[in-house]
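The values are calculated or read from the model by the stated rules, or taken from the named source; none is laboratory data. Since the model is a prediction, treat every value here as computed from it, not as a measurement. Positions of Cβ are generated from backbone atoms using ideal geometry, with glycine treated the same way; all protein chains shown enter the neighbour counts.
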Amino acid sequence: MKKKTDFCQIWLLFASFCICVLSQDDGPIIYPMELETRIEQTRKLTNCLNNHEKTVRPAPVFRVKTYNEENLSFKDCGRWSASANETGPWHGLANNGKDGNTCSLFLVSDRTFISFECPLLKGFNNRNEITGVSIYGGERCFERDNCRFNHRLITQKIRKVSDIYIGHKTLFGDTIHVWEVDERIQFSDSLKPICLWNRNEKNDDNNKIEKYYGLAFGTGHSIDVNINPEENCYLGTVTKGECDLYGNSLCTKGLNSGFYLVINRDDRFYLRGMLYNWTSNKEFKQWVDLLPFTSQIVSASAGLAMLPHIPAPKEKVDFGENQSFPGCGRVARRGFRRKRDEKFSAESFIFNSYDAIKGRAPWHAALTRYSDTGPLAIDFCGATLVSKRAIITAAHCLFDENADLIEAARLGITLGMHDASKDEEDSRQRFRALELHVHPGYNHSKGDFRDDIAVIILREGQVRFNSYVRPTCLWNDDYELDKIANKTGKVVGWGHTSDYRQANILQEAVLKIASYEECYESKRLFFSRNLRPTENFCAGFPHNQTSACSGDSGGGFVFFNDTLELFFLRGVVSAGRSRTVVTDEGEFVNTCNPSYYALYTDVTNYMQWLVNKIPDISQPQS
């Protein structure tokens, strides 16, 4: 009886305590059903957060720091007196002049604005034909009448609008718009661009999310806001969209208006986010973090450039001491260490090359496309022999003028050729392709030369090795580009010579590997869009116009290992800047521009794929 009495007393005390808590005037009463809902919300939130690995993105590099320049997205961006009654000199407004529809814009370069889910664009299916829309800009330019009557017209000619999808439907939409105008905008004290964020994901110190202040724009004036840890915006029901956004959002407190989030750091203003949603906890608002989309914004923006992110290289495929194929990478000793002679001058090409000694590049192949009646093109691309059955080339070389993949049976391969003007050379070996393997990531219709690599397979037992025909080795050293930056390798080919015609004698050039930073800095706008670290790299001598040229595509970029006395394939001639020249005969020719680095597909990024496609390659060591 005593034990039973004690249990009842304890139960009554617990019940009395619960009633007391539930009846407090300053606290909410939680009923059983609501408690169950809270538990379910907490479970959803926990599952959402556990399924998203938090990573800190590196800061964008707009200016290479070694050049002692500020890392700003545009020169002198983000300067402003921060008047509380104005909206900033970067603010713009698009107006269609018909039904009163407007759209708030932010100026980010001398030719580019950005906006978020602009309703004005819904009537334009073709983003390259935006007509009847005017853009006004300057401080206090948010309300339509202010812009139209108190601020000057910036432009009535919009060249194009690019759409960047953020991957999930938000309360306001799912698209960032990049507006490009066709004339450069003249800046003034009341009209200048804002900076894109140039720091890491949340702050600067040890990846810890700190509280800092920003400004929200969108109501005709600025409002101070306090940025909080992202988890604070997940106190209520976690929708799929909110969960998908986790890790890509910002959370603010003490704000009930505004559509654009701006951060003031070091006396400059940076565009940081665009409104995503009001959260179930009304104290907080959630914003799309623009940092994950900076690369896409820059790529679509005229006048902006950013060093592409440099990822870690792929895991090395190690062939061991035997290398990728027995006997690969060796050449005849005669003339092996011949230095550049008087022909190595600014007037000679690969661009700026010299005649190769016969047998000096026994792995080099010429590709020929045949029709039913005979050859359509002579030596239109190069390639590199890497085994008895496999040749590596650029993917773009295997497509015809109609952008169709060439049939394997109509692709000819010539090995051992030195003088293309002589139809019969004892050293030549001719074959037809058996199989063509284009890298699955390559898309010829895009024309962006991404994953520009392919493998050609020959029939077994056809190739005969000798002094003039021998494979080079696949790369078997460290994959980090920094380990070979500023070192030299060589390319060969029958590309354009100084008269802008194909060479007869095989040409050879020594080229320097450029670091990713040096390549990007040499032509920021071009290489911010076309350099893809670990997928490709730059090489050449722009100062004296030494480069691979038109007709050299697909050829190999090889390095000599002094210790092993072997040549190794590191790159494939892919693409570069072009120019149009006029020959002595008055003919217009589109050719390479050797004043800039050329791009080479980095074979280390595709080594596992190459090993899987080449049937007679040495098995990598485990």
message = Cβ-Cβ under 9 Å, sequence separation 6+ or interchain: first residue in the range 83-102 and at negative phi, partner of a type in the set (Phe, Trp, Tyr) and at pLDDT below 80. Which pairs?
response = Thr87/Phe142; Thr87/Phe217; His91/Phe142; His91/Phe217; His91/Tyr260; Leu93/Phe142
query = What is the residue count in the range 397-421 for residues that are under 19 Å from His439 (Cα atoms), part of a strand (DSSP E or B) and not aliphatic (A, V, I, L, M)?
reply = 1
remark   = Scanning the range 60-82 for residues that are in a loop (DSSP other than H, G, I, E, B), modelled with pLDDT under 70 and farther than 30 Å from Pro119 by Cβ gives Asn68
key: Of residues in the range 83-116 being buried (at least 21 other Cβ atoms within 10 Å of the Cβ) and in a loop (DSSP other than H, G, I, E, B), the one modelled with the lowest pLDDT   = Thr87
query = Taking only pairs six or more apart or across chains, which ones have beta-carbon atoms under 8 Å, a first residue in the range 113-134 that is at positive phi, and a second residue that is part of a loop (DSSP other than H, G, I, E, B)?
reply = Glu117/Thr170; Glu117/Phe172; Glu117/Gly173; Glu117/Asp174; Gly132/Asn96; Gly132/Gly97; Gly132/Lys98
